[in-house]
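I have placed the structure first, in the form of structure tokens, so that the comments after it can refer back to it.
Derivation of every value follows stated rules applied to the coordinates shown; laboratory data play no part. Computed from a predicted model, the values in this text were never measured in an experiment. Backbone-built Cβ (ideal geometry, glycine too); neighbour counts: all protein chains shown.
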Amino acid sequence: MKNRRSISLLIIIIIFVALITLIFSKNLFLHSYKKIYLDFTVVEDQNRLGFNPDKDALHFGTLPIGTTGFRDFEIQNLDCNKCLVSIKSNISWLKISENNFLLKKNEKKTVKVYLAIPNDAKFGEYNSFVQVYLWKTI
């Protein structure tokens, strides 16, 4: 009977520790998250370019196949003493000037996002986003 209680208690402790670890490892260190939308149009005509200077998203405008455009945005750490900035995108055509860098409190940095339209791109309008994570560091 005593062994049965010990085993039950051990199982409860293991489950409790596993749940606490899962909860804190996913959320404790994430300080903030922002999704920045982007859009662009791919055209065949090499002489056709379009621009959209609005700052509400990363508007790359109209780009012909085989060309590259860029936009930039600013990241500022207003709260945590030191945060790791991590930027992700699901578009392989995007390259980010700096990624996985530290920002101290009240520090800011401008990041450039380059969009290279490959030669095998399909014509049309594209919409997506980049994800910016600020992780607390220990």
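Working from the pairwise distances between different alpha carbons, so that the mean of 1/r is found and then inverted, what is segment 62-133's Kirkwood radius in Å? If you can, show how the numbers build up before the last one.
Values: mean 1/r = 0.0732 Å⁻¹.
Roughly 13.7 Å, rounded to one decimal.
Which loop-located chymotrypsin sites (Phe, Trp or Tyr not before Pro) does segment 48-136 contain, where loop means any DSSP state but H, G, I, E or B and the Cβ has at most 10 other Cβ atoms within 10 Å? Display every interim value, and only then the final one.
On the way: sites: F51, F60, F70, F73, W93, F101, Y114, F123, Y126, F129, Y133, W135; in loops: F51, W93, F123.
In loop regions of segment 48-136 (DSSP not H, G, I, E or B), the sparsely surrounded chymotrypsin sites (Phe, Trp or Tyr not before Pro) are F51.
Which of the aspartates and glutamates could a cross-linker span from K95 if the Cα-Cα distance has to be under 14 Å and same-chain partners fewer than 8 positions apart are dropped?
D72
Taking loop as defined by DSSP and a crowding limit of 16 other beta carbons within 10 Å, which trypsin sites (Lys or Arg not before Pro) in segment 61-127 fit?
Values: sites: R71, K82, K88, K95, K104, K105, K108, K109, K112, K122; in loops: K105, K122.
Within segment 61-127, the qualifying trypsin sites (Lys or Arg not before Pro) (loop, at most 16 other Cβ atoms within 10 Å) are K105, K122.
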